Every structure is written in structure tokens, then in C-alpha cells.
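S.K.: I'd like to ask some things about the structure below.
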Amino acid sequence: MIYDVLWNEMESTPVRLEAGKLRRRICLDSQFNLFLGLEQPSKQRLMLLIVAIYNIETSELLTTKAIVTDFRRDKSTGGMELELRLVDRKYAEVFSVLVDDLINVVVMASNEKEAVNVFLVRLKQWQRFLERAGPDGLSEEAQCGLYAELWFLRHYLLTIRPYVQAISAWVGPYATPQDFRLADWAVEVKATIVKSPQYLSIANEWQLDDKGFEALFLLHLSLEAYTRDGETLPAMVDLIRHACNSDAEAVTLLEERLIAGGYLNIHREHYEGNRYTVRKVTFFQVRETFPRLVKEDLPVGISHIQYAVALPACMPFKAEPSTIRTTLLRD
């Protein structure tokens, strides 16, 4: 990326000061004051947005072990300086993509207030990415889970609903109890790659709680994982991107959710070694006596539980794919 070139140039620039900050303005045709920077002597990479407004809530700023944000009064202009700082160099590739993404949304803003707002909103999305993925991307378990969610999106929702509605229904990347929600229905997706899965892991007491829904479905994808045959996670992403390519709003929503879900193109090579073949697709309708724990079942003071559901106990609640498709059409 061009920004890596600029940072590399600053890193090779001799500096007489023992401590200080090098910075270079970028996007010169933009109305906003955007800079790349380098802290000395730590050589930590920076991105800066300097604005005249300064009523910014600190709770909105991203803070992780790898990348942090801060804001302070800019002495040279009297405005406010929003700073994004790379603390852990293992995340250098991720940081470059993050900065490029932030700059692209900021320069499209019509004024400083909007620029600050989109800056902070975008950081929230990246906060979710950094909570899910490491410097090399998603774990194998997380890759499998994301593939399963995208499988349902591709083979069901995108074939039934308008693209924007279908992708808007995919809320799993935002840590909601269910992976898909729209109107009065929800779908939770689970994937296993063991040869004879007997249990499904349930993350909390809200995941299988159908209160507030006319229909809640649990989808189980039984997958085979190979190194040669099958479909990779990047291939699945590419197919969905291609399907939505004619709808700019849908593309934007998809990319936002992929980031929140921990997926970046820079990790494609890391994901190519895992290929999936769907062995079996089973839907269950969660209702009444379905084997589960919900908040109302728990003693006072007990919360955020994790448990496993035995697949054989779910079989009386199987739902036909035609029922799923009919339900997904409901507004």
C-alpha cells in the first residue's frame, strides 16, 4: 500500500531529536487535515485527523493491545487531534488496511462533524475485528463458523430477499444472540467438522430464546474439512461479493460485516488451506420443549452460561427447508 511506502520513508529518515513525532500530510485535495505519522524513538506508526471541534467522547475510542486511539488539543492549530497508533508491529498489515479504510470514509464526509462521526463509527467496526481476529486472521474454529454463516446467506437469504435486506439480516458479526434476524424470525447457525458430531455448543442463555420471535430456527451444518477438495472461505466470500456487485449499498454492508466478522483480504493465503464440503444440512425449529436453557430457567444471579445440546434430542424439532424459505419471505 502507498501508506506503507510513506511510513517506510519516515522510518529511514534520520532524526536528531531523541523524542518527537514525524508527520506527513496526505490526501492534499481533501478538505480535512489527514496525516501519517511516526513516533520517535519508538517508531510507532500513526494516523492523525486534526479538526476544529473537540467535544469527543473518550468512550467512543478504540483501545486494544495492538492498536489504540487517543485525542488531544493540537498545539499548532488549536483544534483537536485524533490519533490512531500501532502499538504491536505484528498487526502492521492490519493497521495499514484499517488506516486505508478510515481515510476512504473520512474524505467522503461533507463536514468536520460528519468526518469525526464516521471515523468513530468505523473504529467500532474495527474494534469488533480486533476482538475476533489476530494478526494472521481468524482461528480455524472461527473460519468454520464464518463459512457456515456465509453459506446460509448465499444459499438461502440472497436467493429469497433483496440483497440489502439479506445482508442487513446478517447480524452475527455484531455479537447479537442470533446470527440472522429480520422481521419476526431469527436463525442461529452452527457448524461442526467432526465425523460424528453429537453436540452443538450454545454460547449463552439468549441464543436459543425464542421470546419476541414468531419463529426461531437452529441450522446445523455438518462439514468435512480437506486440504485439497472443497470450497475455501475466500471462495465463498468472492462468490457473495460477485452476487452483490451490482448493488453498491449491499456491497458496502457486506464489507462492513466482513470486517466486523474478522475477515480481511490480506489473510486470504492463510485461509486457503482449509476447504469445506457440506455433508449434511439440518434445520430445527426452536419452540416450547426444545432442549435448551433460557434466562427464565436460571437461578437468580446466574448468567452468561455456555452449554451443549445433544443432537439426537433435537431431532423431533426438525424443520423442512421449504418451511424455512416460506418463513424467510415474511416481513
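The values are calculated or read from the model by the stated rules, or taken from the named source; none is laboratory data. Since the model is a prediction, treat every value here as computed from it, not as a measurement. A quick note on method: Cβ atoms are made from the backbone with ideal geometry, for glycine too, and the neighbour counts reach across all protein chains shown.
S.K.: Cβ contacts < 6 Å: first residue without any contact (Cβ under 8 Å) to a residue 60 or more places away in the chain and closer than 26 Å to Leu208 by Cα, restricted to the range 264-290; second residue buried (at least 18 other Cβ atoms within 10 Å of the Cβ) and aromatic (Phe, Trp, Tyr), any location; separation 6+ or different chain. Result?
M.R.: none
S.K.: Which numbered condition trips up Thr159, out of (1) over 19 Å from Pro173 (Cα atoms); (2) at pLDDT below 95?
M.R.: Failed condition: (2).
S.K.: Looking at the range 217-253 only, could you name the residues that are part of a strand (DSSP E or B) and surrounded by fewer than 19 Cβ atoms within 10 Å (Cβ to Cβ)?
M.R.: Across the range 217-253, the qualifying residues are Glu224, Ala225, Tyr226, Glu231, Thr232.
S.K.: All but one of (1) more than 19 Å from Glu255 (Cα to Cα); (2) touching a residue at least 12 places away in the same chain (Cβ under 8 Å); (3) part of a helix (DSSP H, G or I) hold for Glu141; which doesn't?
M.R.: (2)
S.K.: Still on this model: Select from the range 1-49 the residues that are modelled with pLDDT of 90 or more and among the β-branched types (Val, Ile, Thr) and list them in ascending order.
M.R.: Correct list: Ile26 only.
S.K.: From the list Leu239, Leu253, which one is under 20 Å from Trp126 (Cβ atoms) and either over 17 Å from the mean Cα position of the chain (by Cα) or touching a residue at least 24 places away in the same chain (Cβ under 8 Å) (or both)?
M.R.: Details: Leu239 fails: under 20 Å from Trp126 (Cβ atoms).
Of Leu239, Leu253, the one residue that is under 20 Å from Trp126 (Cβ atoms) and either over 17 Å from the mean Cα position of the chain (by Cα) or touching a residue at least 24 places away in the same chain (Cβ under 8 Å) (or both) is Leu253.
S.K.: Go through the range 153-192 residue by residue and tally those that are buried (at least 24 other Cβ atoms within 10 Å of the Cβ), over 14 Å from the mean Cα position of the chain (by Cα) and part of a helix (DSSP H, G or I).
M.R.: Final tally of qualifying residues: 2.
S.K.: From the list Leu86, Leu130, which one is over 21 Å from Glu255 (Cβ atoms), buried (at least 16 other Cβ atoms within 10 Å of the Cβ), among the aliphatic types (A, V, I, L, M) and modelled with pLDDT of 85 or more? Before the answer, list the steps.
M.R.: Numbers: Leu130 fails: over 21 Å from Glu255 (Cβ atoms).
Checking each option against the conditions leaves just Leu86.
S.K.: Moving on to the next point. Would you be able to tell me the number of residues in the range 94-119 that are surrounded by 17 or more Cβ atoms within 10 Å (Cβ to Cβ) and in contact (Cβ under 8 Å) with a residue 60 or more places away in the chain?
M.R.: Here the count works out to 12.
S.K.: I've got another one for you. Quick test of your reading of the structure: Glu214 fulfils all but one of (1) surrounded by fewer than 16 Cβ atoms within 10 Å (Cβ to Cβ); (2) under 20 Å from Gly262 (Cα atoms); (3) not basic (Lys, Arg). Name the failing condition by number.
M.R.: Unmet condition: (2).
S.K.: Among all residue pairs at least 6 apart or on different chains, which show Cβ distances below 9 Å where the first residue, located in the range 303-314, is in contact (Cβ under 8 Å) with a residue 24 or more places away in the chain and the second is of a type in the set (Phe, Trp, Tyr)?
M.R.: Partner pairs satisfying both residue conditions: Ala308/Tyr199; Val309/Tyr199; Val309/Phe290; Ala310/Tyr199; Leu311/Tyr199; Cys314/Phe284; Cys314/Phe290.
S.K.: If you go through the range 204-216 one residue at a time, do you hit one that is within 24 Å of Phe129 (Cβ to Cβ), of a type in the set (D, E, K, R), in a loop (DSSP other than H, G, I, E, B) and more than 16 Å from the chain's Cα centre (by Cα)? It would help to see each step written out before you state the result.
M.R.: At the first step, the residues of the range 204-216 found to be within 24 Å of Phe129 (Cβ to Cβ) are 204, 206-207.
Those still in the list that are of a type in the set (D, E, K, R) too: none.
Taking every residue of the range 204-216 in turn, none turns out to be within 24 Å of Phe129 (Cβ to Cβ), of a type in the set (D, E, K, R), in a loop (DSSP other than H, G, I, E, B) and more than 16 Å from the chain's Cα centre (by Cα).
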